[in-house]
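Novice: Sharing a structure, written as structure tokens. Questions coming.
The values are calculated or read from the model by the stated rules, or taken from the named source; none is laboratory data. Computed from a predicted structure; not experimentally measured. Because the Cβ atoms are built from the backbone with ideal geometry, glycine has one as well, and the counts that use them run over all protein chains shown. Accessible surface is based on the protein model in full, side chains and every heavy atom, while ligands, DNA and RNA are left aside. Shrake-Rupley method; radii C 1.70, N 1.55, O 1.52, S 1.80 Å.
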Amino acid sequence: MTNIYLIRHSIKMRGPVRGAFAEFDRMQPLSAEGEERARKLLEIPELRGADFAVASTMSRSLATIRYLLEADNVAYAIDDRLRELDFGQKPREQSMDEFMSRKWEFPEEVPEGGESIVQCRMRMREAILEAAAANPGKKILIGSHGAAIGAFLSGVLENVGDDFVRNINLPDVFHLTFDGDSFIACDHLELPFPLPRREPPMEGPGPRA
């Protein structure tokens, strides 16, 4: 069996953004609280002693798992397929809640300038299965993002939608078990910190998580 720990990033730094939002979003650091929470992942025995790790190209992903990588000298790679869901442009006539709910109600719908839930799920699946195939029978840490993790899990679990994604912690960990490329089980790890309130959307072309 191959054990994969799918880890959402910790709390990112907030504040007004000036300049190119897309570039800032990729390079956005963790907040002071986010760094503290990332360090607390070291207190979870199940996450220690990994054989390999992969993080998304968005810096907060690697920043969240780096304490585990440094403590256990874990080799890692960066994979853009693990990046956050590209939400696209919200139509003016829709509220943010309506926009987000519709994405999960119609997972194949591609918004203007973005991607569908299904498109995100497929790239996440490719990256995760590729890591599993290259490290059979190993423990792998995968650093990704809230909606992207939800998109992947919606392909293997029931009742994964907007409410599920809204309640993914910062950080959060899902333990996936694979036999080859066959999904076996998913467990949600208990974390040593409380669920934070949902972060408000930042200024920019669309919502980010």
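Novice: List the residue pairs whose Cβ atoms are under 7 Å apart, where the first residue sits in the range 126-154 and is on the phi < 0 side of the Ramachandran plot and of a type in the set (D, E, K, R), the second is at pLDDT 95 or above and open to solvent by 10 Å² or more (accessible area, probe 1.4 Å), and the two are 6 or more positions apart or on different chains.
Specialist: Pairs found: E126/R81; K138/D51; K138/F52; K139/N3; K139/G49; K139/A50; K139/D51.
Novice: Further, regarding this structure: Quick one: in the range 180-196, which of the residues that are more than 19 Å from E46 (Cβ to Cβ) and either more than 17 Å from the chain's Cα centre (by Cα) or in a strand (DSSP E or B) (or both) is modelled with the lowest pLDDT?
Specialist: That would be P194.
Novice: So is D97 more than 19 Å from L189 (Cβ to Cβ) and touching a strand residue (DSSP E or B) at 6+ places or on another chain (Cβ under 8 Å) or not?
Specialist: no
Novice: How many of the residues making up the range 135-179 are touching a Cys at 6+ places or on another chain (Cβ under 9 Å) and over 18 Å from D86 (Cα atoms)?
Specialist: Final tally of qualifying residues: 6.
Novice: Select from the range 36-59 the residues that are free of Cβ contacts under 8 Å to residues at least 60 places away in the same chain and either under 14 Å from the mean Cα position of the chain (by Cα) or outside any loop (DSSP other than H, G, I, E, B) (or both) and write down the one among them that is surrounded by the fewest Cβ atoms within 10 Å (Cβ to Cβ).
Specialist: Among those that are free of Cβ contacts under 8 Å to residues at least 60 places away in the same chain and either under 14 Å from the mean Cα position of the chain (by Cα) or outside any loop (DSSP other than H, G, I, E, B) (or both), it is P45.
Novice: For A75, indicate whether it is more than 17 Å from the chain's Cα centre (by Cα), open to solvent by 70 Å² or more (accessible area, probe 1.4 Å) and among the hydrophobic types (A, V, I, L, M, F, W, C).
Specialist: Considered against the rule, which asks whether it is more than 17 Å from the chain's Cα centre (by Cα), open to solvent by 70 Å² or more (accessible area, probe 1.4 Å) and among the hydrophobic types (A, V, I, L, M, F, W, C), A75 comes out as no.
Novice: A follow-up question, please. Every residue in the range 111-135 that is more than 22 Å from N159 (Cβ to Cβ) and part of a helix (DSSP H, G or I), please.
Specialist: R123, E126, A127, L129, E130, A131, A132, A133, A134
Novice: Okay, moving on. Quick check: anything in the range 89-110 buried (at least 22 other Cβ atoms within 10 Å of the Cβ), assigned to a helix (DSSP H, G or I), under 16 Å from the mean Cα position of the chain (by Cα) and free of Cβ contacts under 8 Å to residues at least 60 places away in the same chain?
Specialist: No, the range 89-110 contains no residue that is buried (at least 22 other Cβ atoms within 10 Å of the Cβ), assigned to a helix (DSSP H, G or I), under 16 Å from the mean Cα position of the chain (by Cα) and free of Cβ contacts under 8 Å to residues at least 60 places away in the same chain.
Novice: Step by step: first the residues of the range 136-168, then only those that are part of a loop (DSSP other than H, G, I, E, B) and surrounded by 18 or more Cβ atoms within 10 Å (Cβ to Cβ), then the one that is nearest to the chain's Cα centre (by Cα). Which residue is that? Full working, then the answer.
Specialist: In the first step, residues of the range 136-168 are kept if they are part of a loop (DSSP other than H, G, I, E, B); the result is 136-138, 145, 154-161, 167-168.
Remaining after also requiring surrounded by 18 or more Cβ atoms within 10 Å (Cβ to Cβ): 145, 154, 160, 168.
Working: H145: 2, S154: 13, V160: 14, I168: 9 Å.
Only one residue tops the list, namely H145.
Novice: Name the pairs: first residue in the range 1-15 and touching a residue at least 24 places away in the same chain (Cβ under 8 Å) and open to solvent by 10 Å² or more (accessible area, probe 1.4 Å), second residue acidic (D, E) and in a strand (DSSP E or B), Cβ to Cβ under 9 Å, at least 6 apart or on different chains?
Specialist: Cβ pairs passing all conditions: M1/D179; R8/D172.
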